[in-house]
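First up is the structure itself, then whatever we jot down about it.
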Amino acid sequence: LGFAIEWQFGPSSFPLGISSPPEGISGAASDPTATTDEFRQAVELMGPLPPPVGGTPFSGRESESEGLRELMENARSGHGSLVMMAGAAGVGKTRLALEAATYASRRGCGFLLGRCYEREEPRPYLPFEEIIEMALREAPSMQEFRSAIADNATELAQIAPRLREVFPDIPPRLELPPQETRRYLFHSVTEFFI
């Protein structure tokens with residue numbers, strides 16, 4: 001499904017009803033029945049979550065929002081897809097994505113968030129680092145997260161080095177030719193997400 005993005009700015013109501021942080025952002029770390037002191041310490045090590053959506057009304061993107069909601073409903077019925085947003089800085093790509101994530105959260109779906117930032121030093125995998133760290137924050141326990149990353153822990157720790165501080169048992173990375181290293185890394189990240 002493809003749709004053109006036309007940006008319109010103006011007053012409107014919140015199509016997705018944003019009035020509090022998205023449910024998916026609250027995380028297991030705030031649920032005392034699902035965490036231990038060790039898990040809370042690990043979550044604190046990973047740093048703060050990004051700020052929730054809010055403040056100004058979300059307006060003028062009804063068709064884009066509807067398209068994203070339709071894709072999310074398709075995913076719930078087993079027909080996933082990939083959505084890529086492009087546009088100049090400040091046109092609302094992040095806000096649109098956060099509104100869609102909030103909608104998904106309210107429909108019982110989880111989401112993970114990673115962002116790109118303008119930086120002097122290049123960090124090409126920064127969005128994936130943030131996604132992996134958010135997955136740890138959202139995990140019911142450290143043991144479940146460690147089990148989920150399983151044999152991919154070494155590769156994931158290349159992207160999110162703080163995982164080694166949380167899980168000191170992660171083995172050192174394999175020495176492979178550069179082409180194989182990259183392929184193995186991408187395969188490990190894909191397997192973890194699946």
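What the table below lists for this structure:
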item	result
Whole-number accessible area per residue in Å² for the range 107-184, which is evaluated in the context of all protein chains at 1.4 Å	62
Separation in nanometres of the label points that stand 7 Å from Cα toward Cβ, at residue 121 and residue 88	3.2
Label-point gap, in nm, between residue 147 and residue 107 - each point 7 angstrom along Cα→Cβ	2.9
Packing-based order for 87-97, 165-175, 102-112, using average beta carbon neighbours within 10 Å, highest first	102-112, 87-97, 165-175
Spin-label pair residue 165/residue 95, simplified geometry with 7 Å Cα→Cβ offset, distance in nm	3.4
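The values are calculated or read from the model by the stated rules, or taken from the named source; none is laboratory data. Source: prediction; values computed, not measured. Here Cβ is always computed from backbone atoms with ideal geometry, including for glycine, and neighbour counts include all displayed protein chains. Just so you know, the surface numbers come from the protein's heavy atoms only, side chains and all, with ligands and any DNA or RNA stripped out. Shrake-Rupley method; radii C 1.70, N 1.55, O 1.52, S 1.80 Å.
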